[in-house]
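**Student:** Structure below; questions to follow.
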Amino acid sequence: MPHKTSQMQQNGEETSRDGRSMRAERNRRLVAEASLQLLEEGEAQPTAQMIARKSGVSTSTIFRLYEDLEAIRDTVIQSRLEQVKHLLIDVPRELPLEERITQLVNLRSQFYEKVAPIRRLVAPQRSTSELINKILTMNESAFFTRQKNLFADEIAGLRSGDEILQAVDNLMSWESWDRLRSIQKLSIRKSKQVLTAALTRLLTE
């Protein structure tokens, strides 16, 4: 009987731990989702109080789950990158140039629109955050390589191939897209038309 009672106590403790773990994971998710929603609503620097109101999780609990606001930010970044990884694909090189340009612009515009709130948040923090700098550098390098491979035949036939490749990379960068959307106030459709026209001109000079 004592053995049976001990086993029941042990099972009860394990169930209690499992319940606490599930609540903690649920609250972590709520906090990250609330932070992302605030960013998408235009709140550039969400505070703990804002996140608490949005998520329904108290500030004291938030800081038990996350070391600081930077830890929440890093979780949000990783979560959003996971959501957009399906857009990080190669456009088939065998397609006609016009179709390759169209597909690239479509993929890149979708990616930039999805990450825009976070990208604007982290831009000033690139020089101080190793994680942010690593993620941005990896994305930029991957995009450059994809463009180089995708337009290899066209660039090889141009007089200033290396310069054209750099111009393509600049044109297809986040900074270029953000300028079209935030500063020039162009719609997504118009921004895509601008990029498509510019890419076509660069690659068929």
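The values are calculated or read from the model by the stated rules, or taken from the named source; none is laboratory data. Treat the numbers as computed from the prediction; the structure is a model and nothing was measured. Quick reminder, even Gly has a Cβ in these numbers, built from the backbone with ideal geometry, and neighbours come from all protein chains shown.
**Student:** Could you pull out every one of the helices (runs of 4 or more DSSP H) wholly within region 128-190 that has 1 or more residues that are hydrophobic (A, V, I, L, M, F, W, C) and in contact (Cβ under 8 Å) with a residue 60 or more places away in the chain? Spell out how you get there, then give the answer.
**Tutor:** Details: elements: 130-150, 152-156, 161-171, 174-178.
Where helices (runs of 4 or more DSSP H) fall fully within region 128-190 and carry at least 1 residues being hydrophobic (A, V, I, L, M, F, W, C) and in contact (Cβ under 8 Å) with a residue 60 or more places away in the chain, they are 130-150, 174-178.
**Student:** Out of (1) within 23 Å of the chain's Cα centre (by Cα); (2) crowded, with 16+ Cβ neighbours inside 10 Å; (3) closer than 17 Å to Ile101 by Cα, the odd one out for Leu180 is which?
**Tutor:** The number of the failed condition is (3).
**Student:** Would it be correct to say that Ile188 is of a type in the set (A, V, I, L, M), at pLDDT below 95 and surrounded by 13 or more Cβ atoms within 10 Å (Cβ to Cβ)? Talk me through it step by step, then tell me what you get.
**Tutor:** Working: of a type in the set (A, V, I, L, M): yes; at pLDDT below 95: no; surrounded by 13 or more Cβ atoms within 10 Å (Cβ to Cβ): yes.
No; evaluated as a whole, the condition is false for this residue.
**Student:** Which ones in region 98-157 are of a type in the set (A, V, I, L, M), surrounded by 19 or more Cβ atoms within 10 Å (Cβ to Cβ) and over 26 Å from Lys185 (Cα atoms)?
**Tutor:** If the condition is that a residue be of a type in the set (A, V, I, L, M), surrounded by 19 or more Cβ atoms within 10 Å (Cβ to Cβ) and over 26 Å from Lys185 (Cα atoms), then Ile132, Leu150, Ile155 are the ones that fit.
**Student:** Against the definition (farther than 16 Å from Leu88 by Cα, touching a helix residue (DSSP H, G or I) at 6+ places or on another chain (Cβ under 6 Å) and of a type outside the set (A, V, I, L, M, F, W, C)), how does Arg159 come out, yes or no?
**Tutor:** No, not satisfied.
**Student:** So, one more: Has region 2-22 got at least one residue that is surrounded by 11 or more Cβ atoms within 10 Å (Cβ to Cβ), basic (Lys, Arg) and either at pLDDT below 85 or not assigned by TED's automatic domain parsing to the domain that holds Arg120 (or both)?
**Tutor:** Going residue by residue through region 2-22, those that are surrounded by 11 or more Cβ atoms within 10 Å (Cβ to Cβ) are none.
So far as region 2-22 goes, no, none of its residues is surrounded by 11 or more Cβ atoms within 10 Å (Cβ to Cβ), basic (Lys, Arg) and either at pLDDT below 85 or not assigned by TED's automatic domain parsing to the domain that holds Arg120 (or both).
**Student:** Same structure, new question: With respect to Lys114, is the statement that it is within 30 Å of Ala34 (Cβ to Cβ), outside the structural domain of Gln45 (by TED's automatic domain parsing) and among the charged types (D, E, K, R) true?
**Tutor:** yes
**Student:** Take the residues in region 92-106 that are assigned to a helix (DSSP H, G or I) and free of Cβ contacts under 8 Å to residues at least 40 places away in the same chain, then tell me which one is nearest to Arg120 (Cα to Cα). Even if it seems obvious, please write down each step before you answer.
**Tutor:** Residues of region 92-106 assigned to a helix (DSSP H, G or I): 97-106.
Pick out the ones that are also free of Cβ contacts under 8 Å to residues at least 40 places away in the same chain and you get 99, 103.
Numbers: Glu99: 30, Gln103: 25 Å.
Once the filter is applied, the top-ranked residue is Gln103.
**Student:** Same structure again: With the requirement that a residue be assigned to a helix (DSSP H, G or I) and surrounded by 14 or more Cβ atoms within 10 Å (Cβ to Cβ), what does region 78-91 give you? Lay out the reasoning, then the answer.
**Tutor:** Initially, region 78-91 is screened for residues assigned to a helix (DSSP H, G or I), giving 78-87.
Across region 78-91, the qualifying residues are Ser79, Arg80, Leu81, Val84, Leu87.
**Student:** Within region 56-77, restricting attention to residues that are of a type in the set (A, V, I, L, M) and under 22 Å from the mean Cα position of the chain (by Cα), which residue is surrounded by the fewest Cβ atoms within 10 Å (Cβ to Cβ)? Show your work before the answer.
**Tutor:** Here is the first cut: in region 56-77, the ones of a type in the set (A, V, I, L, M) are 57, 62, 65, 69, 71-72, 76-77.
Now narrow it down to the ones that are under 22 Å from the mean Cα position of the chain (by Cα): 69, 71-72, 76-77.
Details: Leu69: 16, Ala71: 14, Ile72: 23, Val76: 23, Ile77: 22.
Per the criteria, the residue is Ala71.
So that you can scan it fast, the table gives a plain yes or no per residue for (1) assigned by TED's automatic domain parsing to the domain that holds Thr196; (2) closer than 30 Å to Ala34 by Cβ:
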residue	(1), (2)
Ile62	no, yes
Thr75	no, yes
Gln110	yes, yes
Ile155	yes, no
Gly161	yes, no
Gln166	yes, no
